[in-house]
Amino acid sequence: MSLLPFDDRDGWIWFDGEFVPWREAKVHVLTHGLHYASAVFEGERMYGGQVFKLTEHTERLHKSAEILDFEIPYSVAEIDRACVEVCARNGLPDAYIRPISWRGSEMIGVSAQNTKIHTAIACWDWPSYFSPEERAKGIRLTFAKYKRPSPETAPTAAKATGLYMICTVSKHLAEKEGYTDALMLDWRGYVAESTGANIFLVRDGAIHTPDPDCFLDGITRRTVIGLAKQRGYEIIQRHIPAEELGTFSEVFLCGTAAEVTPVSEIGPYRYKPGTISLTLMEDYSRLASGAMQPA
């Protein structure tokens with residue numbers, strides 16, 4: 001499959017307060033964020049000229065930076081405005097948006113108090129993370145090689161780049177085996193999330209979802225919980241042992257990139273996209289696109 005490289009595209013990127021031609025938005029090879037993963041980011045979607053949950057994402061970006069011990073030199077309002085402007089500058093009413101902040105190249109080493117904090121925002125046309133065909137029949141998952149770490153061993157409440165290293169490795173291994181994605185357990189053996197989305201599981205009409213005590217309580221996750229409650233569905237947030245995976249009838253993932261996507265398989269376990277999964281998939285799509293008002 002031919003892919004357009006992300007460093008060789010037309011368009012504009014918002015970089016440290018200015019619009020820079022896409023191909024000129026560069027950093028030095030000795031940037032601290034590259035060597036030590038001192039970077040935080042967000043993933044957002046614009047639908048019809050409106051960025052869904054924009055301020056919530058920007059506030060989380062600031063919180064993630066605080067957890068990684070640095071301060072973003074732009075306010076929430078400034079970043080919100082830049083996210084909208086970069087989409088307009090690139091002529092995209094529907095887009096995926098990627099704000100990122102990182103430590104610069106003034107110091108290279110574990111200690112990096114005097115590095116400059118940079119921020120950039122890019123956007124591009126990116127339909128659903130999974131193809132329409134995959135979403136209709138449900139995606140196939142295997143089990144990830146790595147587990148989500150304890151919050152005592154990593155800053156799990158931050159959307160930090162370094163936390164995604166094990167996700168990339170696990171997703172690559174899953175794809176090599178013919179799966180779409182992988183389910184990650186946590187260090188205790190409980191169900192956690194996929195490599196880039198939160199998970200919900202349905203049994204006897206109730207929706208179960210893992211307690212997000214070692215991974216992100218996603219903005220889309222919270223939105224889906226709200227939609228489910230609006231529908232009158234029971235939501236049970238708890239630790240879910242992996243041994244229970246065979247007792248559920250429906251499973252679906254959710255995230256900004258994935259939106260709401262049913263799952264048909266996790267390793268030896270089989271599921272069928274059902275009423276709850278498909279209803280919430282439609283409700284989320286309508287809410288995000290502005291066709292449905294929040295409760």
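The values are calculated or read from the model by the stated rules, or taken from the named source; none is laboratory data. These numbers come from a predicted model, not from an experiment. Quick reminder, even Gly has a Cβ in these numbers, built from the backbone with ideal geometry, and neighbours come from all protein chains shown. Please note that ligands, DNA and RNA were not included when accessible areas were found on the heavy atoms of the full protein model with its side chains. Shrake-Rupley method; radii C 1.70, N 1.55, O 1.52, S 1.80 Å.
Non-local lysine pairs in the chain, meaning eight or more places apart or on different chains, with alpha-carbon distances under 20 Å, amount to 15. Placing a pseudo-label 7 Å from each Cα along the Cα-to-Cβ vector at LEU4 and ASP69 gives an inter-label distance of 4.0 nm.
From the alpha carbon centroid of region 89-130 to that of region 135-204 is 23 Å.
As a fraction of the 1.4 Å probe accessible area of region 144-266, surface on carbon and sulfur atoms comes out at 50 percent.
Can you tell me the accessible area per residue over region 126-259, all protein chains present, probe 1.4 angstrom, in square angstrom?
Values: 5740 Å² over 134 residues.
Per-residue value: 43 Å².
In the elastic network of the chain, a GNM with C-alpha springs shorter than 10 Å, the most mobile of ARG140, ARG45, ARG23 is ARG23.
Computed FRET efficiency, Cβ-Cβ of ARG23 and SER128, R0 25 Å: what is it to the nearest 0.05?
Values: r = 27 Å, r/R0 = 1.09.
Step by step, r from the Cβ atoms, then E = 0.35.
Expressed as a whole percent, the accessible area of region 61-118 that falls on carbon and sulfur atoms is 51 (1.4 Å probe). Rolling a 1.4 Å probe over the protein chains gives HIS118 an accessible area of about 30 Å². Within the shell defined by Cβ-Cβ distances under 10 Å, the residues around GLY218 carry a net charge of +2, with Lys and Arg each +1 and Asp and Glu each -1. Note on the chain: with a GNM built from Cα contacts shorter than 10 Å, the maximum mean-square fluctuation among SER111, SER194, SER285 falls on SER111.
For the residues ASP204, ASP16, a 1.4 Å probe over the protein chains yields an accessible-area ranking, largest first, of ASP204, ASP16. Among residues other than PRO73 with Cβ under 11 Å from its Cβ, the summed charge is -2 (Lys and Arg +1, Asp and Glu -1).
Label point of ASP211 set 7 angstrom out along Cα-Cβ; within region 228-259, amide nitrogens under 12 Å from it belong to 237-241. Near ALA174, once Lys and Arg are set to +1 and Asp and Glu to -1 for all other residues with Cβ below 12 Å from its Cβ, the sum equals 0.
For the full complex of protein chains and a 1.4 angstrom probe, list LEU278, LEU216 by accessible area with the highest value first.
Values: LEU278 70, LEU216 30 Å².
Result, largest first: LEU278, LEU216.
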